[in-house]
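Below is one structure, written out as structure tokens; the observations come after it.
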Amino acid sequence: MENTSHRFERLPASADERDVEGRATREAVLSYWTDRFGVPRDVLAPYTFWEKGAGKIWIAASDVPDGLEVESLGMTFLRTRQEHWKPTTNAAQRFGRHATRNVIDLSPADARAFVAGEDREVEWDGDWGYLIAAHEIADGAADEAREDADCAGAESSARREPLGVGLYLHGELRSMIPKGRRREL
């Protein structure tokens, strides 16, 4: 069997079930997210994974028949047919909050530059390669409730929010935010 660029093909569970040379497997995708980013396997277990084209992996929340000739299914998730696998911005934003490894926390200035598509020199003592860039933001609902209750001295709540994928090389974080999604904040 060969890869078909216009049709979604379900990823095989393992290499033993692979029909198309070079196609990623479900096991490899789950292992990548667990090994690289510390995302627990059970977070991704309910989803199905599909390849359309060479190495463009999609994730879907429902099970559908194989061989669909549709434009999209779920969301793009991962690029696999290159030297280093690359998560998509959508995947980082959707699943990055579950990541415990290779997440770089950015200062407010670095986060603004990152979402604007700028590359920045930043300190990072972890692995080189693709990282999930994140920034701690205030939890607006909790802050509003605290203000409404006039709780002087109450601590502000915040949460880490994934911004997207960055490529870290030689002390520089390169923003991988797609041009159409870049924002000046």
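The values are calculated or read from the model by the stated rules, or taken from the named source; none is laboratory data. The shown structure was predicted, so the numbers you read here are calculated from the model rather than taken from an experiment. Note that each Cβ is placed from the backbone with ideal geometry, even for glycine, and that neighbours are counted across all protein chains shown.
Among the candidates 27, 71, which residue alone is more than 26 Å from residue 129 (Cα to Cα) and either in a strand (DSSP E or B) or among the charged types (D, E, K, R) (or both)?
When all the criteria are applied, what remains is 71.
Could you list all residues from the range 74-84 that are part of a loop (DSSP other than H, G, I, E, B) and either at pLDDT below 85 or more than 13 Å from residue 11 (Cβ to Cβ) (or both)?
Scanning the range 74-84 gives 81, 82, 83, 84.
For residues in the range 36-61 being part of a loop (DSSP other than H, G, I, E, B) and at pLDDT 90 or above, which is farthest from residue 126 (Cα to Cα)?
Filtering first and then ranking leaves 61.
Does residue 85 satisfy the condition of being surrounded by 16 or more Cβ atoms within 10 Å (Cβ to Cβ), of a type outside the set (S, T, N, Q) and under 22 Å from residue 127 (Cβ atoms)?
Working: surrounded by 16 or more Cβ atoms within 10 Å (Cβ to Cβ): yes; of a type outside the set (S, T, N, Q): yes; under 22 Å from residue 127 (Cβ atoms): yes.
So residue 85 passes the test.
Do we have any residue at all in the range 1-14 that's closer than 28 Å to residue 161 by Cα and over 14 Å from the mean Cα position of the chain (by Cα)?
Keep residues of the range 1-14 that are closer than 28 Å to residue 161 by Cα, which gives none.
No, there is no match, as no residue in the range 1-14 is closer than 28 Å to residue 161 by Cα and over 14 Å from the mean Cα position of the chain (by Cα).
Which one of these does residue 93 not meet: (1) within 23 Å of residue 168 (Cβ to Cβ); (2) out of contact with any strand residue (DSSP E or B) (no Cβ under 7 Å at 6 or more places or on another chain)?
(2)
It is to be established whether one or more residues within the range 90-109 are under 26 Å from residue 131 (Cβ atoms), surrounded by fewer than 19 Cβ atoms within 10 Å (Cβ to Cβ), in contact with a His (Cβ under 9 Å, 6 or more places away or on another chain) and in contact (Cβ under 8 Å) with a residue 40 or more places away in the chain.
yes
Give the residues of the range 85-115 that are farther than 15 Å from residue 41 by Cα and not in a helix (DSSP H, G or I), sorted by residue number.
Those that are farther than 15 Å from residue 41 by Cα and not in a helix (DSSP H, G or I): 85, 86, 87, 88, 102, 103, 104, 105, 106, 107.
Among the residues of the range 1-35 satisfying the criterion of being in contact with a strand residue (DSSP E or B) (Cβ under 9 Å, 6 or more places away or on another chain) and charged (D, E, K, R), which is modelled with the highest pLDDT?
Within the range 1-35, the match that is modelled with the highest pLDDT is 26.
Is it the case that the range 62-72 has a residue that's over 16 Å from residue 90 (Cβ atoms) and modelled with pLDDT of 90 or more?
no
Kindly evaluate residue 33 against the criterion of being assigned to a strand (DSSP E or B) and either under 17 Å from the mean Cα position of the chain (by Cα) or surrounded by 13 or more Cβ atoms within 10 Å (Cβ to Cβ) (or both).
Spelling it out, it is not the case that residue 33 is assigned to a strand (DSSP E or B) and either under 17 Å from the mean Cα position of the chain (by Cα) or surrounded by 13 or more Cβ atoms within 10 Å (Cβ to Cβ) (or both).
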